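Values in this text are rule-based calculations from the coordinates and carry no lab data. Because the structure is a prediction, the values reported are computed rather than measured. Note that we place each Cβ from the backbone using ideal geometry, even for glycine, and neighbour counts take in every protein chain shown.
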Amino acid sequence: MKVIGIVASHATESRVTMILNEGMEREVENESLVLVENRNGGKILAVCRGGIGINDALRATIYSPGVAYAKAGRQPSTAKEFFGFNLVVIGDVSRGRIEQNKRIIAPTSPVKLFEEHEDPFSYFGPYSLKIGHYKDVVSWKVPVREEYIPFHIGVFGVTGSGKSFFCRYELIPLLRKAGYDVLVFDWKGSDYAPYFDGKISMRDIELDDEAIISYLCSKAGNFGSGKMADTMRAYLEEALSDGEWKSYPPEGAKEVLYSKIKRAIEEDNRDKQGNITQWGRIYVRRLEKGFKRITLDDFETVLGKMGPEQIVERLRAQHVLVIDMSLGSKEQKLSVFLSVARYLKDLMEKKNRLNVALLIDEAPQYCPYSPRDLEEETTEMITSLCALGRTYGLSMILLSQGIAGEIGINAAVRRNLNTLFIGRIHPLDLDEASKLFAMSGVEPENLLRLPEGHFYFVGKMNPSPIPLLLSFQIREDEKVGRSAGA
Ligand SMILES: Nc1ncnc2c1ncn2[C@@H]1O[C@H](COP(=O)(O)OP(=O)(O)O)[C@@H](O)[C@H]1O
Ligand SMILES: [Mg+2]
């Protein structure tokens with residue numbers, strides 16, 4: 001380790017300013033990790049946050065010879081120049097683990113910088129699980145407190161900040177190592193589905209009748225509008241109700257449904273002589289037109305046979321299972337989620353331990369700031385899964401562009417996320433970020449400028465009491481492939 005400076009006056013147990021040795025201002029950066037050898041006892045691990053350069057001959061508020069030089073475009077003296085850095089204390093590591101530092105840090109105590117071959121995290125104690133690496137040092141893997149995985153995880157950052165990549169490269173492998181089977185709800189079908197062997201498509205999944213009717217009607221252009229649409233919807237509902245059509249392949253199913261509805265229309269619309277009325281003929285024409293618009297592919301979608309039980313069975317066999325939701329409407333996607341969630345909730349209520357993680361990308365679609373219609377049900381469901389999950393080993397991982405407010409996720413859900421990974425945030429989230437990072441020395445404005453793939457690790461799973469900046473490596477070929485496609 002390299003001595004880079006000493007502790008300045010007015011140090012406390014948790015906050016220190018250091019004065020840098022000549023030239024060291026070129027080596028120390030924001031977020032550099034250092035060790036303070038406290039003259040009052042103990043080794044204090046700390047992180048540099050907020051540097052300052054001082055030259056009393058160059059105060060910008062009073063006139064002085066230095067200012068005169070500067071004004072004239074000449075080089076003022078650097079004799080009175082020095083540099084400092086604020087240190088935020090992580091803890092006392094003199095006993096090989098992180099403990100709260102209780103002693104005043106003595107001014108003049110030496111401060112040493114970790115070099116690349118010296119892993120500061122070796123002082124944290126033995127941790128079998130690690131995630132990513134510290135800032136830009138690839139060999140410093142960041143330790144994780146495994147026992148807090150079922151206390152739920154939030155991954156936040158604007159689009160393109162690297163949330164999905166972080167989950168694919170780091171979180172999912174970590175959850176696997178911790179013994180969790182991971183079920184991914186891939187809203188767009190492009191972030192996870194192409195990269196995992198275990199996947200099922202929306203069309204393989206069994207939908208309830210309500211979802212099937214909505215889907216087919218929307219594909220048929222609702223068979224018209226107003227009263228016509230309502231009447232046709234009712235006919236469709238009636239024809240679907242006995243489930244007979246489900247025993248045919250798509251083509252047969254389409255035919256069976258069509259002739260069933262046609263027969264029903266004709267029976268309902270006869271005059272006294274037994275001839276079909278004019279309205280009857282109009283209905284049949286609408287039916288014909290509407291059915292032309294429903295493709296066999298659409299029928300394939302609603303003929304899925306996989307129930308939540310089989311989905312969980314597949315998950316147990318493959319360990320990571322991605323549900324590709326790209327085909328469905330929003331209502332369909334939420335219905336699929338609800339049916340799996342209900343099943344898992346039921347298992348937990350019967351006191352089964354699950355060891356399952358549910359990864360929900362685009363979480364505001366499920367539990368927005370102010371939920372409406374089906375969203376109310378999904379929001380409530382996620383909240384109760386969180387509550388039960390802590391006891392029965394179900395970990396919820398929610399990804400979102402925003403943290404709070406209109407762009408964020410529902411407050412009741414957010415309160416359940418005890419570990420957060422926060423990447424580049426949206427300016428609307430500055431307030432929320434200030435609260436989350438209070439006293440940590442991280443300037444919320446820095447969060448607006450984080451490069452892609454950088455996240456602050458905050459909360460229970462982090463052994464450090466203060467947030468740490470981490471990053472992770474991706475395989476170059478994938479990065480190229482992705483940006484070429486975008
Ligand atoms: N660790 C990383 N290193 C380098 N580039 C990254 C890293 N993580 C993500 N990226 C880049 O950022 C882009 C956006 O990542 P993505 O995970 O899709 O963002 P999000 O899900 O937040 O919208 C990726 O296409 C990739 O090129
Ligand atoms: Mg994404």
Revision key, fill the gap. Here the gain from full extension of Thr78 to Arg26, 0.36 nm per residue of separation minus their alpha-carbon distance, amounts to 17.1 nm
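How large is the dipole of region 395-457 about the Cα centre if only Lys and Arg carry +1 and Asp and Glu carry -1, each at its Cβ, rounded to the nearest 20 debye?
Working: 5 positive and 7 negative charges, 42 e Å.
For this selection, approximately 200 debye.
If you average 1/r over every pair of different alpha-carbon atoms in region 209-302 and take one over that average, what Kirkwood value in Å do you get? Don't skip to the end; give the middle numbers.
Values: mean 1/r = 0.0745 Å⁻¹.
One decimal place: 13.4 Å for the Kirkwood radius.
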Revision key, fill the gap. Computed over the chain: longest principal axis from alpha-carbon atoms vs helix 374-392 long axis, angle to nearest 10 degrees, is 60
Practice item. Kindly express, to the nearest 10 degrees and within the range 0 to 90, the angle between helix 226-240's C-alpha long axis and the longest C-alpha principal axis of the chain. Key: 80
**Study point:** Listed residues Leu354, Asn40, Tyr195: farthest to the positive end of the dipole of the chain (Cβ charges)
**Key:** Asn40
Check your understanding: Roughly what % of Cα-Cα distances in region 302-453 sit above 23 Å, to the whole percent?
Key -> 43
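Sort Ser395, Ser139 so the one with the fewest other Cβ atoms within 10 Å of its own Cβ comes first. List each step's numbers first, then the result.
Numbers: Ser395 26, Ser139 10.
Neighbour counts put them in this order, fewest first: Ser139, Ser395.
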Revision key, fill the gap. So Lys112 and Ala411, fully extended at 0.36 nm per residue minus their Cα-Cα distance, gain in nm 103.4 nm
Revision key, fill the gap. From fewest to most C-beta neighbours within 10 Å, the residues Thr301, Thr17, Thr295 line up as Thr295, Thr17, Thr301
Review point. Once the Cα gyration tensor of the chain is found, what semi-axes does its equivalent ellipsoid get, as square roots of 5 times the eigenvalues, in whole Å, sorted largest first?
Key: 61, 25, 18
Practice item. Would you work out which of Asn446, Leu420, Phe165 lies farthest towards the positive end of the dipole of the chain, given +1 charges on the beta-carbon of Lys and Arg and -1 on that of Asp and Glu, about the Cα centre? Key: Asn446
Review point. Treating the beta-carbon of each Lys and Arg as +1 and of each Asp and Glu as -1, no other charges, what is the dipole magnitude of region 2-126 about its Cα centre, to the nearest 20 debye?
Key: 480
Check your understanding: R0 = 56 Å: FRET efficiency of Glu237 with Arg176, Cβ-based, nearest 0.05?
Key -> 0.80
Check your understanding: To the nearest 20 debye, what charge dipole does the chain have about its Cα centre, counting +1 at the Cβ of each Lys and Arg and -1 at the Cβ of each Asp and Glu?
Key -> 660
Check your understanding: What is the distance, in nm, between label points placed 7 Å from the Cα along the Cα-to-Cβ direction at Asn352 and at Glu267?
Key -> 4.1
**Study point:** Cα-Cα separations in region 316-357 greater than 13 Å, expressed as whole percent
**Key:** 63
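Please compare each pair in Lys188/Lys345; Lys177/Lys351; Lys2/Lys135; Lys141/Lys345; Lys71/Lys112 to a cut-off of 27 Å on the Cα-Cα distance and tell me which ones are over it.
In this structure, Lys141/Lys345; Lys71/Lys112 exceed 27 Å between Cα atoms.
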Review point. Cα to Cα, under 26 Å, and not fewer than 8 places away if on the same chain: which lysines meet these conditions relative to Lys227?
Key: Lys219, Lys254, Lys260, Lys262, Lys272, Lys289, Lys292, Lys330
Review point. Of Leu174, Phe114, Ser471, which is farthest along the charge dipole of the chain in the positive direction, counting Lys and Arg as +1 and Asp and Glu as -1 at C-beta?
Key: Phe114
Check your understanding: Quick one: if you stick a label point 7 Å off each Cα along the C-beta vector at Gln310 and Lys292, how many nm between them?
Key -> 3.5
Review point. Which whole-angstrom value gives the distance between the alpha carbon centres of region 28-55 and region 100-160?
Key: 15
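Quick one: Cα convex hull volume of region 2-126, Å³ per residue? Mind dumping the intermediate values first?
On the way: hull volume 13.5 nm³, N = 125.
Expressed per residue, the convex hull around the Cα atoms of region 2-126 is 108 Å³.
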